[in-house]
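The next block holds one structure in the form of structure tokens; read it before the comments.
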Amino acid sequence: MQKKTKPVIRKRFGQNFLHDKNIIQKIIRSINPKIDDHLLEIGPGQGALTFPLLEHLKKIDVIEIDKDLSSRLQESNHSNNINIHCMDALSFDFKSVVKDNKKIRLIGNLPYNISTPLIFHILKSNSLFEDLHIMVQKEVADRMISGENKKTYGRLSIAIQARCNIKKLFNISPNAFFPKPKVISSLVRITPNNNLDEKILDSLDDILKTVFSKRRKKISNGLKDYFSKEEIKAMGIDCENRPENLTVKDYIKLSNKRCV
Ligand code: SAM
């Protein structure tokens with residue numbers, strides 16, 4: 001950065017900046033960027049990941065909501081190689097940066113306050129991504145990878161696992177950040193599998209919203225606007241079960257059935 005003054009830290013934007021060089025290198029090795037990859041970073045902040053990534057890349061797209069941080073990146077020595085979109089990632093149209101049909105590799109140390117809605121927004125454009133490497137609170141990562149019959153299992157787990165393969169790579173201590181967050185973070189790798197078509201995924205999202213808004217109710221009650229008890233039973237699903245007892249496969253079966 002060329003400016004001498006330190007940037008103001010804005011809590012409302014979930015700003016916890018990575019400063020541990022070993023952790024930064026470990027993250028870059030996990031991403032394994034190749035010179036022609038199309039990388040898109042959400043929340044570059046002060047460039048903790050952006051600048052080391054640019055040692056491996058020609059160009060990078062970044063989305064940063066903070067005008068001050070965006071103009072610092074614009075004034076940095078790397079500005080020719082950074083395509084800055086100064087805006088809210090929650091309303092970013094990922095299609096707008098696709099070139100030559102090349103898939104995007106998305107990365108981000110996501111602002112904790114909006115990580116879950118941001119993941120749902122990203123999932124809507126699932127088919128545009130080659131992979132995603134994102135840092136989230138460990139608790140959110142645990143929800144993403146959770147299997148059924150656990151407290152951590154819910155809408156997020158099923159929505160992601162139906163669309164993607166997901167792997168938690170490693171945890172990151174609060175000491176790696178400034179200011180220190182109160183929670184442990186995790187780096188996760190998400191690889192879209194694009195196995196299901198849009199119609200089925202829309203139906204899945206509808207079903208998930210409905211049944212998990214009545215999490216304690218029996219599944220036959222949560223699904224009563226979509227299926228009779230007989231129809232649920234015919235799909236091999238026990239009507240006495242609660243939403244967290246159904247597998248991802250069960251939910252895909254229900255979504256498929258709703259679309260025929
Ligand atoms: N990548 C940097 C690092 O690791 O040091 C910063 C990570 S910090 C946890 C999150 C970053 O996301 C901040 O730069 C913040 O300003 C930015 N941010 C917060 N909300 C955002 C939003 N809705 N859209 C885009 N960027 C956002």
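The values are calculated or read from the model by the stated rules, or taken from the named source; none is laboratory data. Only a predicted model underlies this, so the values are computations on that prediction, with no experimental measurement involved. No Cβ is skipped: glycine too gets one built from the backbone with ideal geometry, and neighbour counts run over all protein chains shown.
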(request) Report, ordered by the first and then the second residue, all pairs with beta carbons closer than 6 Å, sequence separation of six or more or different chains, a first member in region 171-197 that is modelled with pLDDT under 95, and a second member that is not in a strand (DSSP E or B). (result) ASN194/SER127
(request) Select, from LYS6, LYS58, LYS67, LYS21, the only residue that is outside the structural domain of SER173 (by TED's automatic domain parsing), of a type in the set (Lys, Arg) and on the phi < 0 side of the Ramachandran plot. (result) LYS6
(request) Name every residue in region 1-36 that is touching a helix residue (DSSP H, G or I) at 6+ places or on another chain (Cβ under 9 Å) and among the acidic types (Asp, Glu), in order of residue number. (result) ASP20
(message) Looking at SER185, SER220, SER146, can you tell me which residue is of a type in the set (Gly, Ala, Ser), over 20 Å from ASN113 (Cβ atoms) and within 20 Å of the chain's Cα centre (by Cα)?
(response) SER146
(message) Just to be sure I understand, how many residues within region 53-75 are within 24 Å of ILE23 (Cβ to Cβ) and surrounded by fewer than 16 Cβ atoms within 10 Å (Cβ to Cβ)?
(response) 2
(request) For residues that are over 18 Å from the mean Cα position of the chain (by Cα) and either crowded, with 23+ Cβ neighbours inside 10 Å or farther than 16 Å from PRO111 by Cα (or both), tally how many sit in region 33-46. (result) 5
(request) Output the residue which, of all residues in region 105-119 that are of a type outside the set (A, V, I, L, M) and not in a loop (DSSP other than H, G, I, E, B), is farthest from ILE9 (Cα to Cα). (result) ARG105
